[in-house]
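The values are calculated or read from the model by the stated rules, or taken from the named source; none is laboratory data. All values reported here derive from a predicted model rather than from experimental measurement. Backbone-built Cβ (ideal geometry, glycine too); neighbour counts: all protein chains shown. Areas reflect the complete protein model, heavy atoms only, side chains present, ligands, DNA and RNA absent. Shrake-Rupley method; radii C 1.70, N 1.55, O 1.52, S 1.80 Å.
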Amino acid sequence: MKVFCLGGAGRICMEAVRDLVEYSAFEIITIGDFNLEAAEQLAASLDDPRVNAVQVNVHNHAATVEQLRGYDIVMDGTTITLNGLSTACIAEAGCHGINLNGFGEEDASHDFFVQNGKVCLPGFGMTPGVTQMMAMHAANQLSEVHEVRVSHGSYRPIAFSKSIAETTVYEYDPELPGRVVYEKGQFIQVEPFARPREIELPEPYGKSIQYIIPHAETRTLAKSLESKGVQLVEVRGTWPQPNMRLVHALFEYGFLRNDRIKIGDRQVGIMDAVGQYLFESREGHETELYGYSLHIEVTGISAQTGEACRHTLTHTHPASDGSVEGWEQLRAYTRNVGIPLAIATELIASGQMICKDRTGILSPEEAFEPSVIFEQLSRRGIFVHEKIESLQEVR
């Protein structure tokens, strides 16, 4: 099997590459990146004969398609704004595809993947990705599903890479149509910082107020759980509190509209300028607490007892304090995101999906059995925990 790691020298995707080298059965692992020097440095550090590095530019569609041809799967680590371009290249090259984001830009390539008998799985990291696996693990134990609340804490600097800075601006764009909740059969658009809810994450993260964010889980879980009568799907998230305070202030003062302003002879978007400052500043690259934390709450009727119950699932990973080699500081965040991507990449390439006859764009729920993902995560020191409570409520 051959895998092309598109954008593979990025801070998150390189963790997926490292995981493929350590755990996968791929015979060729190509790191393709616009920054050839970074790709070559990563390849040299891995010191594995299966690994090579090439330069790639997804803005050059024809050349990229030719570079991807012959690979079983493309593991796409490019940014949200490039996912439409990158997915179109993957589809035309006749490869399976997978990426981290899943914001919908991939849908335009669905027919091309079907035509070539391939699948594309947009959005498989921690969230979206593992979050859907956790929600489905709970839902599979219920005859009825009433409410699903997906929450996560993403503890990383606000702009350690340009793609992360871009994600911050994207998720809190006041005009973003994808910031929705699913409620009683309808998708309802909400503003940034809507529906605050206190979520208690496992230590060392603790309690924080989280707000609705635009993530793929809202739509995919609403569809997957429609037959079980789901009435509510909400997705929330938080970053370190200084990050949240900054973004909230930017929202209140209208910065997140990214209005164009004139500086000297140049017209620039105000948030483009703020994002560039954060990327270049010390404050944009530091935070006190590093890592990732998921909290999934699913309520419904137990298939076993017929009683109303609540399943709460969380996850834990090695500490970021240096006590576990390879999980120091930022790597406790980047490995949490990159490892699930690598796991799903090999499962797709090796045909280990539950929908073997499907082609085109798939959701995580359609692709994998949750226990398979959990087992692979546990091999890497990432564990899923579940608590089930009986609820005294009138049906």
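Values computed for the structure shown
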| read-out | value |
| --- | --- |
| Nitroxide proxy distance, nm - points 7 Å out along Cα→Cβ at ASN140 and ARG195 | 2.6 nm |
| Per-peptide average of other Cβ atoms within 10 Å, ordering 17-27, 67-77 highest first | 67-77, 17-27 |
| Where chymotrypsin sites (Phe, Trp or Tyr not before Pro) fall in DSSP loop in the range 250-309, at most 14 other Cβ within 10 Å | TYR253 |
| Separation between Cα centres of the range 219-242 and the range 50-125, rounded to whole Å | 26 Å |
| Amide H within-cut-off set for ALA53, under 5 Å, with H built and near neighbours excluded | ILE31 |
| For TYR292, net neighbour charge (Lys/Arg +1, Asp/Glu -1) across residues whose Cβ lies under 10 Å away | +2 |
| FRET efficiency, 1/(1 + (r/R0)^6) with R0 51 Å, evaluated for ARG282 and CYS355 via beta carbons | 0.65 |
| Heavy atoms of SER163: accessible area, 1.4 Å probe, square angstrom to 10 | 40 Å² |
| Summed residue charge, Cβ within 14 Å of VAL337's Cβ, Lys/Arg positive, Asp/Glu negative | +3 |
| Calculated FRET value between GLU22 and GLN55, using beta carbons and R₀ = 22 Å, to 0.05 | 0.30 |
| Chain lengthening between LYS262 and SER378 when straightened (0.36 nm per residue, less Cα-Cα) | 36.6 nm |
| Options ILE270, ILE361, HIS146, ranked by Cα towards positive dipole end of the chain, top entry (Cβ charges) | HIS146 |
| Within the chain, helix-based [θ] at 222 nm, where runs of 4 or more DSSP H residues each add -39,500 (n - 2.57), nearest 500 | -10000 deg cm²/dmol |
